[in-house]
C-alpha cells in the first residue's frame, strides 16, 4: 500500500501529465480520510479541534499549490493519484492497527520485498528496461531510494509506532510548504504571497490537528 501503490501512483500521475499542484491536493486529502475512518478502524476519537486543524491544513495546502494546478486535466491522469491516496491512507491505518510494534529494519526489508513483486511486473510490462546512465539520473535514483523510500518511509513508520494515526497524517500538510521552500532555495522559483499565506495556514492547521 505505502510503497508500491502510494509512491508508484504519484510517479505515474506525473508521467501522465498531472500537474504537481493537483497531485499534492489529491494526496493531501489523506489526513481527512484518515480522520474519517480512524474511529471505526482504530478506535481513535477525533476532537473538534483536530477537525478544524485538518480543514485548515487542506485549505493552506490548496493556497500553496494554487499557482501550480495547470489546465488540460483528464480523469485518466488522476486515477493513479487517487490510488496513491487510497494506498497511503489504508497502509497507514493497517500498519497502526496490525503492526503497532515492529523492528524498522525488518519491516523495511519485508515491505520492499512485497512491493518488488508489484513494481517489477509494472516495469517489465510498461517500460523498455533501457537505462541511459548520467550523473543526474544516478543522483535522482539515490535520492529516491535512500532519502525518500528508506529515510522518509522509515520516519513515517516510526511516527506510526509512537503516535496516533490522525496526528501522523496531519504532518502531510507540511509537505507542499516545505517543497515550495526547497524549490525557492534550489531552483529559484518564486514564492507568491498566496503561497506564504498558505504555508502559515497549513502550519496552524497541523498545530491544531495534533492533539495534546
**Study point:** Space enclosed by the convex hull of the alpha-carbon atoms of segment 155-212, per residue, Å³
**Key:** 75 Å³
Study note, to complete from the structure: Ranked by GNM mean-square fluctuation in the chain (Cα springs under 10 Å), the top entry among 136, 30, 95 is 136
Study note, to complete from the structure: GNM of the chain, Cα pairs under 10 angstrom: of 176, 80, 48, the biggest fluctuation goes to 48
Point to revise | Highest-fluctuation residue, 62, 180, 120 considered, GNM on the chain with Cα pairs under 10 Å | key: 120
Check your understanding: Between residue 119 and residue 140, what FRET efficiency follows from the Cβ-Cβ distance if R0 is 25 Å, with the result rounded to 0.05?
Key -> 0.90
Exercise for review: Order by neighbour count: 99, 10, fewest other Cβ atoms within 10 Å first, most last.
Suggested key: 99, 10
Exercise for review: Once you have the Cα-Cα distance between residue 86 and residue 37, take 0.36 nm times their residue separation minus that, and quote the gain in nm to one decimal.
Suggested key: 16.4 nm
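Within 10 Å of each residue's Cβ, count the other Cβ atoms and sort 67, 130 from fewest upward.
130, 67
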Point to revise | Average Cα contact separation per residue, segment 1-151, under 8 Å, 6 or more apart, as relative contact order % | key: 39 percent
Point to revise | Rg and Dmax [Cα atoms of segment 98-212; Å; Rg one decimal, Dmax integer] | key: 18.1, 51
Revision key, fill the gap. What the 10 Å binned alpha carbon P(r) of segment 2-209 shows, as percent of pairs per bin from 0, is 8, 30, 38, 20, 3, 0
Practice item. Apply the Debye scattering formula to segment 43-100, with a single equal point scatterer on each alpha-carbon and no solvent, then give log10 I(q)/I(0) at q = 0.13, 0.17 Å⁻¹. Key: -0.57, -0.88
Revision key, fill the gap. Per the rule of 0.36 nm per residue minus the C-alpha distance, extending residue 49 to residue 132 adds in nm 24.8 nm
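Bear in mind these aren't lab numbers, they're just calculated from the coordinates by the rules spelled out. Note that the structure is a prediction, hence the values are computed from the model and not measured. A quick note on method: Cβ atoms are made from the backbone with ideal geometry, for glycine too, and the neighbour counts reach across all protein chains shown.
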